[in-house]
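I have placed the structure first, in the form of structure tokens, so that the comments after it can refer back to it.
The values are calculated or read from the model by the stated rules, or taken from the named source; none is laboratory data. If you're wondering where the values come from, they're calculated on a predicted model, not measured in any experiment. Here the Cβ positions follow ideal geometry from the backbone for every residue, glycine too, while neighbour counts run over all protein chains shown. These area figures cover heavy atoms from the full protein model, side chains too; ligands, DNA and RNA do not enter into them. Shrake-Rupley method; radii C 1.70, N 1.55, O 1.52, S 1.80 Å.
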Amino acid sequence: MKIVTFGEILLRLSKTGSRRLFQSGGFTANYGGSEANVAVSLAQLGDKVEYVTSVPDNLIGDAALNHLRQLGVDVSHVVRMGKRLGAYYFEPSASLRNTNVVYDRDDSSFNTLSHGDIDWASVFSDATLFHCSGITCATSRDALETTMDAVQLAHERGIELTCDINYRSSLWKYPGADARKSIQELMKYSEFVFGDQNEWYVASGLEPIPFTALDASYQFDLDAYRRYFDKIHKMFPNCRRMLVAHRNQLSFQHHVNAAVLWAEGEIYTSRIWDVNPIVDQMGVGDAWVAAFIHTRHKWPDDDQHCLEFAVSASALKNTIPGDQNLVTEAEILANMTATGGRIDR
């Protein structure tokens with residue numbers, strides 16, 4: 001199976017320690033971007049994956065592509081153009097203070113990508129699954145149209161489609177941008193759709209079901225989720241799997257994570273993970289998405305196992321610095337049955 005993802009790879013510049021962005025002091029640099037994170041996770045799990053993007057034809061672009069190659073991601077159809085790589089600045093949370101993210105994506109190589117620059121016919125010549133997200137559609141009108149070209153061609157060729165709603169309100173700013181309409185167009189074609197509570201509200205207009213878990217004793221209202229997703233399935237009848245990620249942040253270092261899966265009328269709930277302390281919360285959703293795509297094709301007849309595997313992967317991501325989930329399938333499976341913290345010799 002060959003998986004294709006499409007989006008913008010970003011240089012992540014993180015303030016060291018617990019410093020604020022406006023304080024003096026250094027930054028650490030690594031790479032992020034939702035669809036790149038998904039590609040890296042899939043490659044670490046042993047899947048054949050290609051990432052399509054646009055980066056500048058200079059040393060900075062070379063560095064970004066080398067990073068992906070080193071982690072097992074195929075970048076053979078990446079477009080080289082533009083003058084700069086998009087970036088984001090990361091201010092870590094501390095005590096009562098929230099995390100802050102400032103994007104620097106205007107006029108980036110990806111943001112100046114023109115409709116028609118990517119040869120999707122070549123990209124999809126041996127592809128079996130295409131994954132995209134609402135973030136890509138939010139960056140520019142050309143990126144939206146390029147994504148929809150890919151989605152429609154993939155659909156025509158019988159390639160499986162998955163999407164992450166990935167709503168980022170600050171990015172939908174080009175003239176005529178309509179987040180709900182664009183995301184719904186992606187969902188119309190997608191067989192698996194991922195999102196958190198608020199993202200499902202943006203996509204559907206239906207009020208989300210609250211998640212108030214403080215620990216593993218929390219009880220999900222299965223009937224409420226069944227009614228909720230049955231309504232959404234009437235809006236998007238092509239969706240066979242719909243997933244909602246839950247994260248209750250008890251403090252900046254203490255999160256409670258879980259997920260709910262609607263699978264062709266059945267409701268599955270995951271174990272509730274109590275993660276404390278958090279090392280890095282960025283990319284947790286991307287790890288969840290990648291792990292579910294991977295496991296659904298390895299254990300297609302066990303939806304409960306697939307859900308538990310995906311949430312285990314996302315829980316582990318909280319322990320890894322940077323955006324990308326550098327864990328193996330064996331580590332995720334071990335985490336599902338162990339308490340963690342052991343010394344493996």
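Worth pointing out:
- Positions within the stretch 240-251 being under 13 Å from ILE272 (Cα atoms) and either among the aromatic types (Phe, Trp, Tyr) or open to solvent by less than 10 Å² (accessible area, probe 1.4 Å) (or both), in sequence order: HIS246
- Looking across VAL275, VAL256, VAL289, one residue alone is out of contact with any Asp or Glu (no Cβ under 8 Å at 6 or more places or on another chain) and among the β-branched types (Val, Ile, Thr). It is VAL275.
- Residue list for the stretch 328-345, restricted to those being of a type in the set (A, V, I, L, M) and open to solvent by 10 Å² or more (accessible area, probe 1.4 Å): ALA330, LEU333, ALA334, MET336, ALA338, ILE343
- Filter result for ASP286 (of a type in the set (Asp, Glu), open to solvent by less than 20 Å² (accessible area, probe 1.4 Å) and at pLDDT below 95): no
- Residues that are among the basic types (Lys, Arg) and at pLDDT 95 or above within the stretch 68-87 comprise ARG69, ARG80, ARG84, listed in sequence order.
- Residues located in the stretch 210-225, provided they are open to solvent by less than 60 Å² (accessible area, probe 1.4 Å) and either within 23 Å of LEU161 (Cα to Cα) or assigned to a loop (DSSP other than H, G, I, E, B) (or both): PHE211, ALA213, TYR218, PHE220
- Scan of the stretch 97-133 for residues that are open to solvent by less than 30 Å² (accessible area, probe 1.4 Å), within 24 Å of MET1 (Cβ to Cβ) and not polar (S, T, N, Q), ordered by number: ILE118, TRP120, VAL123, PHE124, ALA127, LEU129, PHE130, HIS131, CYS132
- For first residues located in the stretch 59-83 and part of a loop (DSSP other than H, G, I, E, B), partners that are of a type in the set (Lys, Arg) and open to solvent by 40 Å² or more (accessible area, probe 1.4 Å) and lie 6+ apart or on another chain with Cβ distances below 7 Å form the pairs VAL75/ARG69.
- Condition met for VAL202 (modelled with pLDDT of 95 or more, open to solvent by 20 Å² or more (accessible area, probe 1.4 Å), closer than 27 Å to VAL284 by Cβ and part of a helix (DSSP H, G or I)): yes
- Among residues of the stretch 20-44, those that are part of a loop (DSSP other than H, G, I, E, B), crowded, with 24+ Cβ neighbours inside 10 Å and not small (Gly, Ala, Ser), counted: 0
- Residue match in the stretch 159-172 (condition: over 28 Å from LEU250 (Cβ atoms) and more than 18 Å from the chain's Cα centre (by Cα)): yes
- Members of the stretch 228-268 that are polar (S, T, N, Q) and within 30 Å of SER93 (Cα to Cα): ASN248, GLN249, SER251, GLN253, ASN257
- Within the stretch 226-239, the residues that satisfy the criterion of being in contact with a Ser or Thr (Cβ under 9 Å, 6 or more places away or on another chain) and open to solvent by 70 Å² or more (accessible area, probe 1.4 Å) are LYS231, MET235.
- A residue that is open to solvent by 10 Å² or more (accessible area, probe 1.4 Å) and of a type in the set (A, V, I, L, M, F, W, C) cannot be found anywhere in the stretch 303-315.
- Strands (runs of 3 or more DSSP E) enclosed by the stretch 228-295 - at least 3 residues per element that are over 20 Å from the mean Cα position of the chain (by Cα) and under 22 Å from ALA203 (Cβ atoms): 266-269
- Test for ASN276: is it closer than 21 Å to LYS317 by Cβ, open to solvent by 20 Å² or more (accessible area, probe 1.4 Å) and out of contact with any helix residue (DSSP H, G or I) (no Cβ under 6 Å at 6 or more places or on another chain): yes
- Residue count for the stretch 252-268, restricted to those that are in contact (Cβ under 8 Å) with a residue 40 or more places away in the chain, of a type outside the set (A, V, I, L, M) and surrounded by 20 or more Cβ atoms within 10 Å (Cβ to Cβ): 2
- Put simply, of GLU185, GLU207 the only residue that is open to solvent by 10 Å² or more (accessible area, probe 1.4 Å), at pLDDT 95 or above, assigned to a loop (DSSP other than H, G, I, E, B) and closer than 24 Å to GLY265 by Cα is GLU207.
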